[in-house]
Amino acid sequence: MQCPEENQFSIKAPSGKSQEKNGFSMQSGGAENISGFHHTRRRQFGHTCPRKRVSGMVARTLPFVLKEREISVGRVNKIFASAWISDHQVAIGTKCNRLIAVDLNHGHQVSIPVLQSLPSNKKDHMPPNNSGIHSIAINPSQSLLATGAENPNNIGVYRLPTFDPVCVGQNCHKDWMFSVQWLDDQFLVAGSRDSQISLWSVSPELVDRVQERNCATSVPSYESLQPILLRNSVYGDKVRALEYSQRRKELASLSSNGFIHLWNLERGFRKIVTRRLPYCEENVCIALDDDLSLYAVGSQSHVSFLDARSGRHVVSVHSREKGSGVRSVSFRDAVLTVGTGQGALMFFDLTAGRFVETEVKGKTQPMRLCAGPGWLTRDYLYHQFFSETNHLNAIYTHQYDKSGTRLFVAGGPLPSGLSGNYAGLWQ
C-alpha cells in the first residue's frame, strides 16, 4: 500500500471539538494551561506541587529546547518499559527481568524483587526463555503498579509508593506477557504472546487484606490472583500491545501479524472491530489520543494513524528510517513523539501534518534528537559478530512527566545478541 504524501495529512476533529482554520484547536480537558517557562522556574525553586498541563504550543516547541542528561542504571540489559512513579522517580523494567526504581535527582536505585508464583492446584507454565519485563502500568489513582513477574507469563501487582507486594496473577497465560493496561483503579487487562487477552480484578478488599497481614508480620506476603475471563482473537497472533479508551470504554489490541482489534468492555468484552493494518511488519507499539479519537501504530517503516471510532486507516507517514522500525509512540497535545530503532526521537505535529523540522547545513529536514551511547557489553559475542559495526540504542520506551516538559527515554541495542542499556532524562 502506497504511503500518502505528508502534505495531504488531514484529520477531522470529533464532534463537539472546536477547530481552527489550519488545524486543531486543542482543548486541555479541564486542566488549566501554563507556560513551559513557569514549569521550569517552579522546578528550579523546588516546588513539588502537582503541575498544570502545558499548552499545545509548548508541546510543539519543546523539541527545540530539550537537552539530554544520561542516567547510569548499571549493567542491566535493555530497558523495555518505564513509568513515572513520582515527580523525581521512574520505574523501569528490563530484558533481564529486573524491576528498578530510579531517583532521577540523585541517581539512587532500588531493585524491587519480582514476584514469584505461589503454590496452586493449576499448572503454572514456565517458558524455557525469559523475555523480561515488557510493560509497566500505574492505575489512575497512582496507588497500584502492575508489571511482569518472575515468570514472564504472569503479572505482579505492587502498592505505591512503597512497592509492597499485593498479588501475582498466574495460571493463565502460556507465553510471555507483553502488555498490561489498567481500565480503572481495580480492573486491568493483559495481552500475551499466546494470542490471549486476560481481565483481572485487584479489589480494594484484597489490597487491604494483604496490607493488614503485612503490618502484623515482618515478612511481606502477597496473594495469588486468577483471571476473570480470557479472550482470544479469531484472526489474532501474538498480542503485542494494548491501549484503552476511557471515553469509549473500548480496548485496542495490536497483533504481531498486522491486525488491530477493538473490544467493547460494556458489552461483555466483545470484539466489535477487526482491521488489517496497511503495514504488517513489526507492529510493536500503539498510542491513543482520546480527544481526537486517534490511534497511532508504529511498524518497521511507518507510523499509521487509525480512527479510534472505527479502526479504519486514516493515513500513514514514513518513519525516515530503514529497517530498524518504530519502537515507541506517545501523544502529547497534538504532537506524536516517536522513538526509533536507531536511537532517535522524532516529533510529528498533527496540526501541521508533518514532522517537526529543523535546518541542518542549509537544508530543512525532520528534527531527530539522538540518544547517547549508554552502556554496552563488549563480550566474546560482541567481538565475534558486532565489533565492526556501530550500534545505536533503540528507544524502546519514553514517558513524559505530568507537566509534559520532561521526557524519560530508555532502551538499548537493537540486535538481540547484544547486551546493554540506555537511559536519559530530556528536559
Count - residues of segment 369-386 that are among the aromatic types (Phe, Trp, Tyr), open to solvent by 100 Å² or more (accessible area, probe 1.4 Å) and modelled with pLDDT of 80 or more: 0
Pair list, Cβ under 8 Å, 6 or more apart: segment 215-243 residue in contact (Cβ under 8 Å) with a residue 12 or more places away in the chain, other residue open to solvent by 40 Å² or more (accessible area, probe 1.4 Å) and among the aliphatic types (A, V, I, L, M): TYR222/LEU118; GLU223/LEU118; SER224/LEU118
Any hit, segment 190-208, residues being polar (S, T, N, Q) and part of a helix (DSSP H, G or I): no
Selected residue (only one of THR351, THR358, THR337 is more than 20 Å from ARG98 (Cβ to Cβ), open to solvent by less than 10 Å² (accessible area, probe 1.4 Å), of a type in the set (S, T, N, Q) and in contact (Cβ under 8 Å) with a residue 60 or more places away in the chain): THR337
Where a residue in segment 403-415 is farther than 14 Å from GLN89 by Cα and polar (S, T, N, Q) and its partner, wherever it lies, is modelled with pLDDT under 95 and part of a loop (DSSP other than H, G, I, E, B), with Cβ under 6 Å and at least six apart: SER403/ARG51
Top-ranked residue of segment 162-176 - restricted to ones that are in contact with a strand residue (DSSP E or B) (Cβ under 7 Å, 6 or more places away or on another chain) and assigned to a loop (DSSP other than H, G, I, E, B), ranked as nearest to THR397 (Cα to Cα): TRP176
Residues satisfying the stated conditions in segment 69-110, i.e. basic (Lys, Arg) and open to solvent by 10 Å² or more (accessible area, probe 1.4 Å): ARG69, ARG75, LYS95, ARG98
Candidate set from segment 178-205 (those that are touching a Pro at 6+ places or on another chain (Cβ under 8 Å) and open to solvent by 30 Å² or more (accessible area, probe 1.4 Å)); member that is nearest to ASN153 (Cα to Cα): GLN186
From LEU206, LEU251, LEU265, residue being of a type in the set (A, V, I, L, M), farther than 24 Å from SER324 by Cβ and touching a helix residue (DSSP H, G or I) at 6+ places or on another chain (Cβ under 7 Å): LEU251
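The values are calculated or read from the model by the stated rules, or taken from the named source; none is laboratory data. Keep in mind that this is a model prediction, so the values were computed, not measured. We place every Cβ from the backbone using ideal geometry, glycine too, and count neighbours over all the protein chains shown. Ligands, DNA and RNA are stripped out before the accessible areas are found, and what is left, the full protein with its side chains, is counted by its heavy atoms. Shrake-Rupley method; radii C 1.70, N 1.55, O 1.52, S 1.80 Å.
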